[in-house]
Amino acid sequence: MDLLSVLNELEDLIESSSKIPLTKKVLVDEDRILDLLDHIRTNMPEEIRQANWIIQEREKVLNDSQKEAVRIMEDAQRQVEKQADDSEIVRQAKKVAEEVVQKAESVAREIKGGARDYADDILASLEENLGTVLSQIQQGREELKK
């Protein structure tokens with residue numbers, strides 16, 4: 001017999017017992033009440049153990065849930081930080097790449113300008129030498145004509 005059944009039976013016994021007129025008192029079968037109280041005492045420890053076990057399991061589930069929630073939050077935080085770091089790394093890499101490209105273009109312009117200036121100097125020198133040679137050729141022809 002479980003504890004609730006015994007308590008219900010005790011309640012029924014009290015309600016069905018003879019009442020003393022003009023009072024709130026009832027006459028109950030002493031043996032029957034003592035028997036029910038014995039059943040309550042014998043069943044109560046099992047019921048209490050079950051209740052304690054249920055409370056412990058509930059606490060365990062709550063603790064596990066809280067730990068899992070904390071772990072999920074920490075994982076989410078790490079993921080957000082990683083994505084932030086990744087996007088920061090990408091942003092910095094793009095910035096560095098842009099700077100490298102700009103510097104390379106600047107160096108290429110300088111080299112191209114230097115090459116043009118060098119070629120112009122060579123051509124000017126060649127033009128001057130050719131002018132001198134041409135002048136010497138013309139002088140040589142003039143002397144031949146005399």
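The values are calculated or read from the model by the stated rules, or taken from the named source; none is laboratory data. What you are looking at is a predicted structure, and each value in this text was computed from that prediction instead of being measured. Every residue, glycine as well, gets a Cβ built from its backbone with ideal geometry; the counts of neighbours run over all protein chains shown.
Need the failing condition index for T23 against (1) polar (S, T, N, Q); (2) assigned to a helix (DSSP H, G or I); (3) at pLDDT below 90, just the number. For T23, the exception is condition (2). Taken together, K112, K94, K82, K145 contain a single residue that is out of contact with any strand residue (DSSP E or B) (no Cβ under 7 Å at 6 or more places or on another chain), modelled with pLDDT of 90 or more, more than 30 Å from L10 (Cβ to Cβ) and not small (G, A, S), which is K112.
Loosely packed, with under 10 Cβ neighbours inside 10 Å, within 30 Å of L10 (Cβ to Cβ) and over 45 Å from the mean Cα position of the chain (by Cα): does that describe D31? For D31, the condition - loosely packed, with under 10 Cβ neighbours inside 10 Å, within 30 Å of L10 (Cβ to Cβ) and over 45 Å from the mean Cα position of the chain (by Cα) - is met. Any residue at all in region 38-56 that is free of Cβ contacts under 8 Å to residues at least 24 places away in the same chain, assigned to a helix (DSSP H, G or I) and farther than 30 Å from L7 by Cα? Taking every residue of region 38-56 in turn, none turns out to be free of Cβ contacts under 8 Å to residues at least 24 places away in the same chain, assigned to a helix (DSSP H, G or I) and farther than 30 Å from L7 by Cα.
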